[in-house]
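Accompanying notes for the structure given below.
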Amino acid sequence: MSKSLVAASTRPMILSLLLKGESYGYRILQDVMSLSGGEIDWSEALLYPVLHRMEKEGVIRSRWKTAGEKRMRKYYGLTECGRLELEAEKQSWLNIHGAFLRLWTAAEGIE
Amino acid sequence: MFDFEKAIGRWRKSFHGSEAIEEGALEELEGHLRDKVEDLMGRGKTGEEAFAEAVEKIGKKELLDEDFFQAAARKAGGRAPWKKSRFGAGLMPNYLLTAVRKIRRQKLFSFINIAGLAVGLACCAVIILYVVNELSYDRFHPASDRTYRIASRTVNAVGESTGVSTGNAMAPTIRREFPQAEEVVRITPPPENADHVLAVCGDKRFFENRVWFVDESVFRVFRIPFLQGDSGKALSDPFSVVLTESMARKYFGGEPALGKTVRLEIDYDTGATELEDFRVTGVVRDAPRNTHFKYDLLLSGSTLLRHLADYDTDYLDYHFDYTYVRLAPSADPVAFGGLLQRVAEEGARVYEQRFNRPAGKTDYFLQPVASIHMRSRFQGEIDPPGNWTYISIYSLIAFLILLIGCLNFINLSAVLSATRTKEVGLRKVIGAGRGQLARQFLGESFLITFLSFCLSLVLTAALLVPFNRMAGTELMLGGLAQPAVFLPLLGLLVLVAVGSGAYPAFLLTSFRPAAMFRGELDTAARGAWIQKALVVGQFAVSIFLVICSVTAFRQLGFMRGQALGFDLGKKLVLPVQSNISHLRRDYEAIKADFLKNPDILGATISSSVPGDIDEGGYYLTTREGDFRGAPRLLVNTVDFDFIRVFGLKMIAGRPFDPANRSDINEAFVINRAGLKELGLASPEDALGKRYQAHYNRRWKTIIGVVEDFHYRGMRENVRPLLLDIEPSLLDTLTLSVRTTNRDSVMKHIRAVWESHFPGVPPAASFLDERFDRLYRYEEQMSRLLALTTILGLMIACLGLFGLAYFTAGLKRKEIGIRRVLGASSSSVVALLSKRFAGLVLLSALLAGPPAWFAVNRWLQEFAYRVRPGGLIFAAVAAGALAIALATVGLQGWKAARKNPVNSLRNE
């Protein structure tokens, strides 16, 4: 998968993952991996800076939670802003998806 | 056993000092790491393997730092603040400040440094300008690459000769028959008085010697910009004259010259000469110095037709006539050669018809106009040609003086920078990298080089004034803007800047800062051999220059002072340039009038005086009319008194005798060299031999032989010479005067002159001054050499001074201890001087052989020369040593005089 497509899809992907509830970095990585069947493999050095940046921008928020044996995990969740951005992103991606779909079915029809 | 917690601790530690990973982020990463490890162990890996893989996956500090920073930054691609600057631009003001402080704190050194280089650069710039100017002759004419002068090579019974003159019909023939010649122009000097045309304008009278008859096309072939008048029409009518600016000012003051009249006396070789009116039809800019065709008055060529009816049709080369042609780019050289061939054959045909004897074989060929100044050395050149020898010598001098300046500059810069170890140490401690420091030092040396360059421009402008006066050139500072001058200089400046910055930039920055602070490092010692080499280089070049200039001056003195074989002093030479028939008819009476004053010891009339005797000569034969393979002697026509007045020594026979009037038609006198040319064994053999001269077909007898005298200077061997009494060629009066009553003598001379040649301005000059013109190149070179030598030596001494100063500083403690233990001042001076004496002697040894070679090469130019003795070399070496020791000794003395307490107090 191309680098620019990964970069473009990172934010909407994170937002979408958080839609079903709060999550933490390692889980997000695992989820992306399993969702894409191993195709998308984000590095930690990519994920965490993006999470921090999104938090600064206010589309997600974080809080520390204990996770047994005195271990702490930083959980991220969507904010209202995040939801709005996700709506907009969703629309864009669907549009693109629809466009491709129509193009390809049309092309198959000609064949 | 693998301790997971300890490993985590170490991992955390590796992130110490990270500026990008904010608080909490590391904890988050740690959580991530733990999750990953657990996960991996769940899949059966050992703790150690899992940890290593997880750490690997997360990445190293540097990578994370960069990613975290880039994600947080507002601007993509920016530089993180903890990273090294890519340009060091942030420190620029600081570097500049440091450089300025350094210059201000060490005023003397900085001055020596900057001034030394500036002087070198300025000398070099002047000489480069001169050389480029010499090489730039005649390149500014339109299409100068396609413009040629027609020259000839003639082989006849008596030998081969080359010339630059053609028959008058050459130009009209080319114009008529060869349309691919875009332009053709004839330039003809006044037939018989080219070097002294009398110009009368109102009550003002002048002699002009740059007067030419030219075809109208001259303004299209040569670049001659008009100030007034129309270049297309100015010379279409006979008796038109185009003046240069300065002539117009000389004749008419500030008034407009156009339409005014100038009266000129031109000798057309038709018998009588009279003043004719020429109408001014144009004013042009003065002829530039860098053209071989120099002019003051340009007269319409059609004027000549009024006096010489065959000016357009004569194929023979009676009068000088220079033909220039501009060929079209497509012109066929073979076809043109064929045309020249036809002209030559036509000339030969006319010659045979007219003189009824076989003509020699003449070939015409083309000389590119831009090559004339440096390459053409034929008979009848318009302008004295340039001299390659001196061009090369000047270039070498320029290079050497610059070399001294640069060596000095590099040397002093190195010395100065050695005092900056602490600065370098401090900069390194607070994080400067080597590259950064190197850039700082290089930048500094570029700054200083630039300052030198600015100063050298000022110096160049100042130097050009005396130089132009000395060399007779019109060089201007603006000439430096030509790429041919500018680019090499620029390249050289960069080289100097890098060279002088290299020592601190690369050596100084390589030391460890701690060592620099502790003063463990004898930084100077590490670069000392470079400095020694530089000083040796400077001194070697200086000594080389000194030897050369001393020899040049000795040779000049020799050529002036050596018994020239004739009496050079106190001779007043008066060329008679108008009313010459009066001189030739009544010269005895005129001489008698001059001799009435007792302070005038002698008077003689001749066709030339020593120093001016030209290539003109007679072929002499013993078989009536047969001059094949005949010997040729240069000739000077004289009167009865010439031998006596010039003090020539007879070695056989007798001089011309006034009591014996038949000497006029009967007698020759030759010089010793003439004996050999005529194949005579001894002077006595020559007496009574009869020869016929080709010039006037007269038979005369040799009545005497004079000892050789150097009538053409000492540069060439004395050539065979014939002295002949021939009144019809006399034109120069020489008076031997006593200068004790200078005023009354001059008054008498003026009065007699005025009575015989009324209205003709006298053009008197002393023979020794005229004779010196033979040596003008040598004279010019010696002066230039002397100047550069002195400057070079000064710079070299400054360099040595700097080094001595520095060494004295280094040895401060040693000197202090020696003083405390009782050493005298003089022994301290000796301590410092010893090592430098060796360096200077080494320089002398290095400079000796090349100087010997160069000096001998130059002396080969002269037939009579001094011998470069070993004594001179020794004297020069001793002189250099003395100067060097004086420079160093001063430093040593100062160091010795310091109170040792001050130098020993620390530590």
Length-normalised contact order for region B:754-906 - Cα pairs under 8 Å, 6+ apart - percent:
41
Under 20 Å Cα to Cα from B:Lys532, which aspartates and glutamates show up? Leave out anything in the same chain fewer than 8 places away.
B:Asp522
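On average, how many beta carbons from a partner chain sit within 10 Å of the beta carbon of a residue in A:51-60?
Values: counts 3, 8, 5, 1, 0, 2, 0, 0, 0, 0.
That average works out to 2.
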Could you pull out every one of the lysines with an alpha carbon less than 17 Å from that of B:Lys233, ignoring same-chain neighbours closer than 8 positions?
B:Lys260
Here, trypsin sites (Lys or Arg not before Pro) of region B:169-226 satisfying both criteria (DSSP loop; at most 16 other Cβ within 10 Å) are B:Arg223
Let's see if you can work this out: charge +1 on each Lys and Arg Cβ, -1 on each Asp and Glu Cβ, no other charges. What is the dipole magnitude of region B:587-642 about its Cα centre, in debye to the nearest 20?
200
Those GluC sites (Glu not before Pro) from region A:1-103 that are DSSP loop and have at most 13 other Cβ neighbours within 10 Å turn out to be A:Glu39, A:Glu69
Along the dipole axis of chain B (charges at Cβ: +1 for Lys and Arg, -1 for Asp and Glu; origin at the Cα centre), the most positive-end residue among B:Ala847, B:Gly202, B:Gly254 is B:Ala847
Separation between Cα centres of region B:37-67 and region B:287-352, rounded to whole Å:
97
Order by neighbour count: B:Cys797, A:Cys81, fewest other Cβ atoms within 10 Å first, most last.
A:Cys81, B:Cys797
Relative to the first principal axis of the alpha-carbon coordinates of chain B, what is the inclination of helix B:107-135, with its axis defined by its Cα atoms, in degrees from 0 to 90 and to the nearest 10?
40
On C-alpha positions alone, give me the angle between the axis of helix B:434-471 and the longest principal axis of chain B, in degrees, nearest 10.
20
What does the helix-only formula give at 222 nm for chain A: each DSSP H stretch with n ≥ 4 adding -39500 (n - 2.57), the total divided by the residues, and the result rounded to the nearest 500 deg cm²/dmol?
-22500 deg cm²/dmol
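Hey, got the average number of other protein chain Cβ atoms within 10 angstrom for residues in B:34-41?
Rounded to a whole number, the mean comes out at 3.
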Counting helices only, and only those DSSP H runs with n ≥ 4, report the 222 nm mean residue ellipticity of chain B as the sum of -39,500 (n - 2.57) divided by its residues, in deg cm²/dmol to the nearest 500.
-16500 deg cm²/dmol
Please arrange B:Lys60, B:Lys428, B:Lys689 by how many other C-beta atoms lie within 10 Å of their C-beta, fewest to most.
B:Lys60, B:Lys689, B:Lys428
Do any of A:Lys20/B:Lys45; B:Lys13/B:Lys422; A:Lys74/B:Lys57; B:Lys571/B:Lys596; A:Lys20/A:Lys74; B:Lys570/B:Lys591 go past 28 Å between their Cα atoms, and which?
A:Lys20/B:Lys45; B:Lys13/B:Lys422
Taking the Cα atoms only, what angle lies between the long axis of helix B:4-13 and the longest principal axis of chain B, rounded to 10 degrees?
40
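Please go through region B:222-277 and write out the GluC sites (Glu not before Pro) that DSSP classes as loop and that have at most 16 other C-beta atoms within 10 Å.
B:Glu274
Could you give the alpha-carbon Rg of region B:826-889 over 2.2 N^0.38 Å, rounded to two decimals? Intermediate results must be reported in sequence, preceding the final value.
Details: Rg = 15.4 Å, N = 64, 2.2 N^0.38 = 10.7 Å.
Rounded to two decimals, the normalised Rg is 1.44.
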Going by how many other Cβ atoms sit within 10 Å of their own, how do B:Leu730, B:Leu366 line up, fewest first?
B:Leu366, B:Leu730
Distance from the Cα centre of region B:240-280 to that of region B:365-387, in angstrom?
29
Using only the alpha-carbon atoms, what does the protein assembly as shown span along each of its principal axes? Please give whole angstrom values in decreasing order.
147, 105, 57
antiparallel share of DSSP beta bridges within region B:181-285, to nearest 5, in %, is 80
Just tell me how shielded A:73-85 is by partners: mean number of partner chain Cβ atoms within 10 Å of each residue's Cβ, no decimals.
1
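Read-outs throughout are calculated quantities, based only on the coordinates presented, and are distinct from any laboratory measurement. Nothing here was measured: the structure is a model prediction, and the numbers come from that model. All Cβ positions, glycine included, derive from the backbone under ideal geometry; neighbour counts span all protein chains shown.
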